[in-house]
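Coordinate-derived values only; no laboratory data. Note that the structure is a prediction, hence the values are computed from the model and not measured.
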Amino acid sequence: MRKYFQYLPHLLGLTLVIGATYYIYLHYHYQPQPIEIIYDNIFLDEEVESGQSINIAGAVNQPGEYLMLPGSTWQDLIIEAGGLAIEADLSGLNLGQLIESHSIYIPLMESDITVVTTDTIITPETIPNSDLININTASLSQLIDLPGIGEKTATKIIEYRQTTPFDSIDDIMQVSGIGEAKYDSIKDLITI
């Protein structure tokens, strides 16, 4: 047993040397990574008051209404909306452009939408000379302008058409809150 005790100082010395070497290595070579704090969708009260509510629809992963700060670009809005869908048509979009409208529609590749820059979406069916409102592409404010259609019903129309586009104008009666009487009052003002 005494024979083993004679090696004890050597073992303690070796342990001390290894520990000191490891400490020095960590002290001089290990650089802690900075912590990055990401504030996602957090606005201060002052910013909320100066922000604007933007509605985005079409070929995005999470269409809806988002509060955007002044100076936000289309790309910022698309990121907030969960990114673009695979079938999104980017040919007419400038992602660096500042948001200037309250409603934006991102077209699909096979869509025939030609211009998307204002609250009104211009398609062959909704040429500016036309007084009819396309229920498949109309903005919230355009739908509210229809007689008997309020904000809740207009929102229901938009939600319905995002999953099931209207094939004919009478399909609008499939939306909760639009019956025969309301349809009769708007049927001459709408198109698909």
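Under a 5 Å amide H cut-off, with hydrogens placed 1.01 Å from N, Thr191 pairs with Ile133, Asn134, Ile135 among residues at least 5 apart or on other chains. Shown in residue order for segment 55-64 are the 3J(HN,Hα) couplings computed by the Karplus curve 6.51 cos²θ - 1.76 cosθ + 1.60 at θ = phi - 60°: 9, 10, 9, x, 7, 10, 6, 9, x, x Hz (x for Gly and Pro). Computed from phi, the 3J(HN,Hα) profile of segment 177-192 under the Karplus parametrisation 6.51, -1.76, 1.60 (θ = phi - 60°) reads x, 10, x, 4, 5, 5, 4, 4, 7, 10, 4, 7, 10, 10, 8, 10 Hz, with x in place of Gly and Pro. The amide H of Ile104, built 1.01 Å from its N in the peptide plane, has Asn55, Ile56, Ala57 as neighbours under 5 Å, considering only residues 5 or more places off or on other chains.
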